[in-house]
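Visitor: Sending over a structure as structure tokens; questions will come in a sec.
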Amino acid sequence: MTAPVLTSWQAVADEVLARIRRRDWAPGDLIPNEVDLAGEMGCARTTVNRALRHLAEAGYLERRRKAGTRVALNPVRRATLRIPVIREEVEARGARYDHALIRREEGTPPLAVRSHLGLGPERPLLHVVALHLADGAPYAHEDRWVDTETVPGFAALDLTQQSANAWLVQNVPYTRGTLTLSAAAAGPETAQALGCAPGAALFTLERTTWKEAHPITWVRLSYPPGHRLVTEL
């Protein structure tokens with residue numbers, strides 16, 4: 001029986017993953033080299049290379065220079081989290097979305113924010129504070145700092161018409177980021193915006209994104225007491 005010709009890296013990755021799941025290659029096994037796989041699957045070596053890199057990044061393979069590629073002993077699936085557009089998140093719950101711009105000003109971020117972004121005190125950023133609503137009720141309080149040197153188009157936006165969250169997600173691709181989920185006590189401004197008591201336990205999400213070595217934004221999203229985050233792995 002002639003082996004199928006696989007012309008895309010996705011198809012090669014699917015075939016390699018199928019062999020791992022069938023235990024054709026068991027955990028710890030050294031798999032054939034790229035040249036042999038390319039010959040067997042009827043594709044270019046570069047196609048195989050990309051497929052194997054993808055599976056290594058996903059945790060299925062372990063690649064070492066001059067030592068070949070092995071099936072991971074303890075495969076770890078790495079979750080990919082998509083940055084949501086809050087409007088879409090609210091509407092997916094069947095609610096009516098709205099948002100209100102509370103404050104917009106240029107200034108020097110607090111030390112903690114500068115530390116996350118890797119910036120010194122001489123670098124002013126644009127500070128945006130907004131409230132997202134679902135059916136008129138507070139849904140999320142947004143406290144955001146944006147580096148307009150990295151994102152020059154942001155400074156001219158009318159943030160009363162479109163939220164910073166939506167514009168950045170839809171217009172500014174990022175290459176890396178950090179995400180922190182935690183519980184935090186509501187400060188006076190956040191408590192007032194969310195309609196809860198100062199000191200109430202809030203679900204908070206802090207996210208920092210970069211474009212290569214250049215910071216894009218740091219944001220803290222605070223949700224009212226009782227908020228639940230559901231995602232797929």
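Visitor: Condition first: in contact (Cβ under 8 Å) with a residue 24 or more places away in the chain and either on the phi > 0 side of the Ramachandran plot or not in a strand (DSSP E or B) (or both). Now tell me which residues in segment 114-147 satisfy that.
Guide: Passing the criteria: HIS116, LEU117, GLY118, LEU119, ARG123, ASP135, GLY136, ASP147.
Visitor: Does any residue of segment 155-165 turn out to be surrounded by 12 or more Cβ atoms within 10 Å (Cβ to Cβ), assigned by TED's automatic domain parsing to the domain that holds ARG93, under 17 Å from the mean Cα position of the chain (by Cα) and within 17 Å of GLU105 (Cβ to Cβ)?
Guide: Within segment 155-165, one or more residues are surrounded by 12 or more Cβ atoms within 10 Å (Cβ to Cβ), assigned by TED's automatic domain parsing to the domain that holds ARG93, under 17 Å from the mean Cα position of the chain (by Cα) and within 17 Å of GLU105 (Cβ to Cβ).
Visitor: Is there a residue being outside any helix (DSSP H, G or I) and among the polar types (S, T, N, Q) anywhere in segment 98-112?
Guide: Within segment 98-112, the subset outside any helix (DSSP H, G or I) is 98-110.
Subset that is among the polar types (S, T, N, Q): 108.
Yes; the residues of segment 98-112 include at least one that is outside any helix (DSSP H, G or I) and among the polar types (S, T, N, Q).
Visitor: Follow-up question, since we're still on this one. Please go through segment 189-199 and pick out each residue that is farther than 28 Å from THR150 by Cβ and touching a strand residue (DSSP E or B) at 6+ places or on another chain (Cβ under 7 Å).
Guide: Filtering segment 189-199 down to residues farther than 28 Å from THR150 by Cβ leaves 191-192, 194-199.
Correct list: LEU194, GLY195, GLY199.
Per-residue answers, yes or no, for (1) surrounded by 14 or more Cβ atoms within 10 Å (Cβ to Cβ); (2) in contact with a helix residue (DSSP H, G or I) (Cβ under 7 Å, 6 or more places away or on another chain); (3) farther than 17 Å from ALA140 by Cα; (4) modelled with pLDDT under 90:
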residue: MET41; (1), (2), (3), (4): yes, yes, yes, no
residue: THR46; (1), (2), (3), (4): no, no, yes, no
residue: LEU55; (1), (2), (3), (4): yes, yes, yes, no
residue: ARG65; (1), (2), (3), (4): no, no, yes, yes
residue: ARG77; (1), (2), (3), (4): no, no, yes, yes
residue: ILE86; (1), (2), (3), (4): yes, yes, no, no
residue: GLU91; (1), (2), (3), (4): no, no, no, no
residue: TYR97; (1), (2), (3), (4): yes, yes, no, no
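Visitor: Considering each of HIS132, HIS116 in turn, give the residue that is in the same structural domain as PRO188 (by TED's automatic domain parsing) and modelled with pLDDT of 95 or more. Please lay out each step first, then the result.
Guide: Numbers: HIS116 fails: modelled with pLDDT of 95 or more.
So the residue among HIS132, HIS116 that is in the same structural domain as PRO188 (by TED's automatic domain parsing) and modelled with pLDDT of 95 or more is HIS132.
Visitor: Next up: Every residue in segment 150-203 that is farther than 18 Å from ILE102 by Cα, in contact (Cβ under 8 Å) with a residue 40 or more places away in the chain and part of a loop (DSSP other than H, G, I, E, B), please.
Guide: THR150, VAL151, VAL172, TYR174
Visitor: Which pairs have Cβ atoms under 7 Å, sit 6 or more apart or on different chains, and link a residue in segment 47-61 that is not assigned by TED's automatic domain parsing to the domain that holds ILE20 to one that is crowded, with 16+ Cβ neighbours inside 10 Å?
Guide: Every condition considered, no pair remains.
The values are calculated or read from the model by the stated rules, or taken from the named source; none is laboratory data. None of these values were measured; they are calculated from a predicted model. So basically every Cβ, Gly included, is an ideal-geometry build from the backbone, and we count neighbours across all protein chains shown.
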